[in-house]
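A.B. asks: Below are the structure tokens for one structure; questions will follow.
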Amino acid sequence: MNLLELKVGEPRLIKDFSQNQSVYFKLLSLGILPGDEIEIMGKAPFGGPISIKHGSQTFLALRRSEAKQIEVES
Amino acid sequence: MLKQVEATILLIGFPNAGKSTFFNILTGGTRKVSNYSGVTVDVGHGDIESNKNEGLQLKLIDLPGVYNLIPTSYDEAVTVQSLLDLNDYHQADKVVVLLDYQRLEASLSLGLAVRDVVGDENLVFVINKDDESEINAEMREEIKQRTGVQTLSTSALQNNGKVLDDFLRTLSYANKIDLKNKLPMTEESVKYFRKTPELDRISLKSDTEISSTINWYHDKSRDVLEKVIAPKNTKAKITEKIDRFVLNPFFGGAIFLSIFYMIFHALYTWAGPVMELVETAIGGVGELLTGIMPEGLLQSLIVDGVIGGVGGVLVFLPQIMFLFFLLSLLEQSGYIARAAVVTDKLMGYFGLNGKAFLPYMSGFACAIPGIMAARTLSNPRERVATIMTIPLITCSARLPVYILLIGTFVPKQTVLGIFDSQALSFFFLYFLGSAAALVIAKVLRLSFFKGESGNFIIDLPLYQRPSLKAAFMQAWRKGKAFLKKAGTIILALSIVIWVLSTFPKANPDLLVGKTEAQVASISLEQSMLGTMGRTVEPVIKPIGMDWKMGVGLLVSFGARELFVSAMGTLYALGDVDEESESLRQRLINEKDPVTGKPVYSLAVAWSLLIFFVFALQCTGTMGVLRKELGSWKVPLIMFTYMGTLGYLGSWIVYTYLS
């Protein structure tokens with residue numbers, strides 16, 4: 001399943017990224033690697049970006065289309 | 001006599017790691033710092049303050065933040081370029097990679113990538129945000145053992161620049177840096193450089209190779225930090241709690257709107273009383289000088305020219321300082337990145353990236369830093385569309401004009417029970433500018449700058465309590481810059497306006513048997529400025545303006561505040577009524593010499609306001625546009641489209657209201 005399918009507040013481990021290079025590249029640069037724990041903190045209304053927690057200390061936001069490209073363990 | 005040895009240090013690190021904060025602490029500099037990524041987009045140079053006591057003269061170079069050495073936007077390319085230039089200019093002796101304790105692993109992987117380019121003997125790691133001194137000597141030694149790089153941990157928040165200063169002085173500066181290895185680069189990333197890097201400095205790699213390189217550095221970094229403890233997550237917990245509200249699907253938008261309405265409301269109503277004090281004081285000085293100076297040209301120059309012109313603008317100092325104070329508090333808190341999240345969908349509807357919210361936000365202070373901040377947008381078409389619309393955002397130079405006209409001509413009443421009509425008009429003008437920016441951006445993105453949107457993956461920094469001191473400092477600096485402008489360009493222009501509107505003297509035959517008020521009005525009309533104003537009058541008549549306002553508009557194309565100072569001088573000269581001391585009273589009292597009716601009405605005031613919302617009246621902005629876009633073409637297009645919008649808008653409002 002992908003990250004977007006997760007509910008708010010359910011931590012999961014990242015399995016893999018899709019092959020969209022620019023998204024993959026950016027996530028890697030921010031230090032988000034397969035095997036890391038990730039959790040959705042909130043979803044903006046009207047299909048806006050989602051905010052996520054990576055590990056226990058860092059927070060970031062990305063668009064839903066980008067979240068779809070992150071595979072998580074089910 | 002101390003021996004003068006010079007050494008230069010490059011500051012590199014993650015965005016929002018605190019590079020500019022350290023730069024300011026050590027050099028006494030005033031680089032803008034905030035709590036979000038991408039505030040620094042250019043190179044800053046500075047001498048360390050303790051140089052005056054030491055033989056070793058240290059220089060610091062502050063660079064935009066990067067996540068790795070493969071640029072994905074223009075500001076990141078600035079930093080990588082500085083590294084590539086090391087061989088040509090031999091300008092650096094050491095590189096300091098500033099690591100962010102809150103994201104140590106990711107920022108250390110950047111540090112390791114830098115190490116492989118400059119070598120470990122030329123490199124130092126400084127871990128910032130170790131606010132509670134959790135990293136002990138053992139852990140630092142561990143990092144040094146595993147990376148070969150000397151490591152220090154500190155906290156810019158505790159303001160202990162001394163620790164870093166002393167540390168930098170203990171290093172040896174024996175040799176200049178030479179690049180040890182070529183920098184891996186993708187074809188895509190090469191596009192962000194101003195000049196294409198030479199091929200002996202870089203090696204082109206495929207995207208897959210680059211990804212695995214970055215991955216490798218992260219794994220390496222994870223190994224190094226095996227025994228280093230993560231910071232306590234109290235701050236992260238607080239951030240989570242606040243974000244539950246701020247990024248909530250239901251409250252998020254409402255919180256966003258209330259914060260911005262509060263700012264403009266506060267700006268309008270709270271700074272008002274202070275402004276009236278300044279106004280009374282300046283009026284008093286004018287009156288005093290009129291009393292003690294003999295009547296004549298010199299008195300007129302000082303009282304009407306200088307006090308009327310410069311004084312008219314000075315009145316707005318409290319508002320300018322208050323605006324920057326409030327913006328600083330908001331920026332320091334960490335909310336701005338959340339605002340970008342809340343607005344991404346809306347911005348996306350207009351063809352812009354949510355990241356464009358940050359340059360737009362800077363535009364509320366001044367378009368110039370806003371235009372430069374657009375360097376953080378990776379998609380070139382989105383970037384140009386953003387740059388072309390930033391000057392529509394209401395900047396602080398429009399503030400005096402808005403407050404003067406709204407405060408004088410919009411009747412004060414309560415609307416819908418809670419809103420103040422004047423504060424609401426004020427908020428409306430800010431809203432109108434921003435809405436126009438978005439609509440124009442949409443038009444541009446549908447026509448000349450079509451294409452996909454860049455990615456929107458953005459850091460959300462931990463919230464921090466804004467420092468009042470830093471906000472005061474920011475307000476003070478901006479206030480000082482405003483005073484400097486008043487004392488130089490505005491003063492000079494006020495004198496020029498006074499001269500042009502006093503000479504040549506009117507033919508004495510025309511003045512025989514006229515009242516004092518008629519004499520003043522005829523003298524003005526016969527002056528050089530009067531002749532100029534009369535020439536432009538036919539153009540501005542349809543939008544309800546007379547020749548005096550025309551003169552104000554003409555000079556405002558230099559800088560918007562000049563409108564207020566020009567009005568100040570012109571109406572002081574035309575004024576013979578002893579009672580009115582402030583520009584506001586003079587505007588109300590201004591009568592048409594022929595019909596005897598007041599010149600200003602609500603329609604005229606709104607016509608002027610609307611013109612200021614749209615028109616690009618700022619030579620400084622034009623210069624920066626030329627620099628950032630590389631030619632005069634786009635700046636001239638912007639000047640034309642904004643001017644046209646201003647004129648049409650004014651015409652519609654004037655026709656409708658009168």
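A.B. asks: Suppose we filter segment B:180-204 for residues that are open to solvent by 40 Å² or more (accessible area, probe 1.4 Å) and within 12 Å of another protein chain (Cβ to nearest Cβ); how many remain?
C.D. replies: Of the residues in segment B:180-204, 2 are open to solvent by 40 Å² or more (accessible area, probe 1.4 Å) and within 12 Å of another protein chain (Cβ to nearest Cβ).
A.B. asks: Still on this model: Among the listed residues B:LYS412, B:LYS442, identify the single one that is more than 14 Å from chain A (Cβ to nearest Cβ), in a loop (DSSP other than H, G, I, E, B), over 23 Å from the mean Cα position of the chain (by Cα) and of a type in the set (Lys, Arg).
C.D. replies: Testing whether each residue is more than 14 Å from chain A (Cβ to nearest Cβ), in a loop (DSSP other than H, G, I, E, B), over 23 Å from the mean Cα position of the chain (by Cα) and of a type in the set (Lys, Arg) leaves just B:LYS412.
A.B. asks: Within segment A:31-60, take every residue that is of a type in the set (Ser, Thr, Tyr) and assigned to a strand (DSSP E or B) and give me the one that is nearest to B:PRO15 (Cα to Cα).
C.D. replies: Top of the filtered list is A:THR58.
A.B. asks: Same structure again: Between a residue in segment B:445-470 that is more than 14 Å from B:SER37 (Cα to Cα) and any residue that is in a strand (DSSP E or B) and open to solvent by less than 40 Å² (accessible area, probe 1.4 Å), which pairs come within a Cβ distance under 9 Å, given they are 6 or more apart or on different chains?
C.D. replies: Cβ pairs passing all conditions: B:ASN455/A:LEU62.
A.B. asks: Mind counting the residues in segment B:44-64 that are open to solvent by 10 Å² or more (accessible area, probe 1.4 Å) and under 29 Å from B:ARG338 (Cβ atoms)?
C.D. replies: 0
A.B. asks: While we're on this one: Does B:GLU590 meet the test of being among the acidic types (Asp, Glu) and under 21 Å from the mean Cα position of the chain (by Cα)?
C.D. replies: The answer is no for B:GLU590.
A.B. asks: Go through (1) over 21 Å from the mean Cα position of the chain (by Cα); (2) at negative phi; (3) not basic (Lys, Arg) one by one and return the number of the condition B:GLY596 breaks.
C.D. replies: Looking at each condition in turn, B:GLY596 falls short on (2).
A.B. asks: Give the residue that is most open to solvent (accessible area, probe 1.4 Å), with candidates limited to residues of segment B:93-120 that are at the interface with another protein chain (Cβ under 9 Å from one of its Cβ atoms) and of a type in the set (D, E, K, R).
C.D. replies: Going through the qualifying residues, I end up with B:GLU105.
A.B. asks: Given the conditions (1) surrounded by fewer than 24 Cβ atoms within 10 Å (Cβ to Cβ); (2) within 22 Å of B:ALA254 (Cα to Cα), and given that B:VAL341 satisfies all but one, which numbered condition is not satisfied?
C.D. replies: Only one criterion is unmet by B:VAL341, namely (1).
A.B. asks: Could I ask something else about it? For the condition surrounded by fewer than 21 Cβ atoms within 10 Å (Cβ to Cβ) and either under 17 Å from B:VAL341 (Cα atoms) or out of contact with any Gly (no Cβ under 7 Å at 6 or more places or on another chain) (or both), what is the one hit in A:SER51, A:SER65?
C.D. replies: Only one candidate passes the filter, namely A:SER65.
Matching residues to (1) hydrophobic (A, V, I, L, M, F, W, C); (2) touching a helix residue (DSSP H, G or I) at 6+ places or on another chain (Cβ under 8 Å); (3) in contact (Cβ under 8 Å) with a residue 12 or more places away in the chain; (4) buried (at least 24 other Cβ atoms within 10 Å of the Cβ):
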residue: B:GLY312; (1), (2), (3), (4): no, yes, yes, yes
residue: B:GLN332; (1), (2), (3), (4): no, yes, yes, no
residue: B:GLY348; (1), (2), (3), (4): no, yes, yes, no
residue: B:GLY351; (1), (2), (3), (4): no, yes, yes, no
residue: B:ALA356; (1), (2), (3), (4): yes, yes, yes, yes
residue: B:THR376; (1), (2), (3), (4): no, yes, yes, yes
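A.B. asks: A follow-up question, please. Is it true that B:HIS265 is assigned to a helix (DSSP H, G or I) and either within 14 Å of chain A (Cβ to nearest Cβ) or without any contact (Cβ under 8 Å) to a residue 12 or more places away in the chain (or both)?
C.D. replies: no
A.B. asks: Name the residue, out of B:ALA254, B:ALA340, B:ALA271, that is in a helix (DSSP H, G or I), touching a helix residue (DSSP H, G or I) at 6+ places or on another chain (Cβ under 6 Å) and within 14 Å of another protein chain (Cβ to nearest Cβ).
C.D. replies: From the options B:ALA254, B:ALA340, B:ALA271, the qualifying one is B:ALA340.
The values are calculated or read from the model by the stated rules, or taken from the named source; none is laboratory data. None of these values were measured; they are calculated from a predicted model. Glycine gets a Cβ as well: all are built from the backbone with ideal geometry, and neighbour counts include every protein chain shown. Only protein heavy atoms, including side chains, enter the accessible area calculation; ligands, DNA and RNA are left aside. Shrake-Rupley method; radii C 1.70, N 1.55, O 1.52, S 1.80 Å.
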